[in-house]
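What follows is a single structure, written as structure tokens, with notes after it.
Bear in mind these aren't lab numbers, they're just calculated from the coordinates by the rules spelled out. None of these values were measured; they are calculated from a predicted model. Because the Cβ atoms are built from the backbone with ideal geometry, glycine has one as well, and the counts that use them run over all protein chains shown.
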Amino acid sequence: MIKVRILLLLASCLAVLSSCGKPKPKENTLTAAEFSADSAYTYIKQQVDFGARVPGTVAHELCYRWLTDKLTSFGAEVHTEQGTMLNYEGREQPIVNIVARFGHQTLANGQARKRVLLCAHYDCRPWADQEADYRDRFQPVMGANDGASGVGVLLEIARQLGQMDSDKQPNIDIVLFDCEDMGTPEFYTGKQREDTWCLGSQLWAERHKSEAGNYSYGILLDMVGAPDAVFPREYFSMNFAQQHVLRVWDIALKLGYGRYFKQEVSMPVTDDHYYLNTIAHIPCIDIIHYSSEGETGFAHYWHTRTDDMRNIARESLGAVGTTVMTAIIKGTSKNSTF
């Protein structure tokens, strides 16, 4: 899915670590927003049932149509944005991003309130290039956790938003990125190209960089369904959008999800949020499973054929979904002081 960028200046990472500190546990004084982990789980399974959603395949097309229909049924204004980006071989890669818009809240002076950007990727990696057996590395990844989990949580958030009265519905854009997982495969021996991951978010960021002022912040969800999920404060998120990381992690702590949302800062991860921050200049954070205990930082089934529904836990989905739903409701309602 993504790669970890090891910065040359490790001192800067240590500086972030030392400046953040570890806040003392706080009492649960926050009312949780509505969120159904069962629904999110079902939406993930429905994606996986299409098969590996590799761009250019029937499964990808069927899933794309299902996602647009589902978001439309929730009352969102839905459209797709198509284009191309160069892939790792220098060839034009077709991209189809899905955009769903909720809410039309305005300020007292009649101006539109800023929007919150929620995003995930819906494509699957064409190669299981982390398989031990070299012969298996040319098989596609099912992407239950790596891709579908974030989309499933956002679909349930969209369903909840669709049930709200129009005057209470926060201004939310949900963007499902395509071609996040098309980065250079491990077995490729040709000339290496930069920025071969996250093609859909790069395309979206280039097209919308003039609209940065319309967004207050963004939240990216990636690999959020594992039974043993842990979400440290990712380095780039802290570097570009620290106040939003601290706020969301504080909400998680108050809701009782401290076992998932860790206070440690992880190594920098090149994910869709990186390009939203550096190209579109929208402060965006990444809620992503990452553990320093593993060789790659990701789960043992990452980029293998075993990334399937066995690796999805309702409890993890509930922790992430409830936290994000609470964050957008508390932070974007007209009378919010949070």
- Task: Could you list, in their original order, any pairs among 45/262; 70/168; 45/191; 168/209; 70/254; 70/191 whose Cα atoms are separated by more than 30 Å?
- Result: 45/191; 70/254; 70/191
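Please give me the summed charge of the neighbours of residue 286: other residues whose Cβ is under 10 Å from its Cβ, Lys and Arg +1, Asp and Glu -1.
Values: positive: 233; negative: 222, 234, 271, 272.
With Lys, Arg at +1 and Asp, Glu at -1, the neighbours total -3.
Got a sec? How would 141, 175 order by Cβ neighbour count within 10 Å, fewest to most? Display every interim value, and only then the final one.
Details: 141 30, 175 24.
Listing 141, 175 from fewest to most nearby Cβ atoms yields 175, 141.
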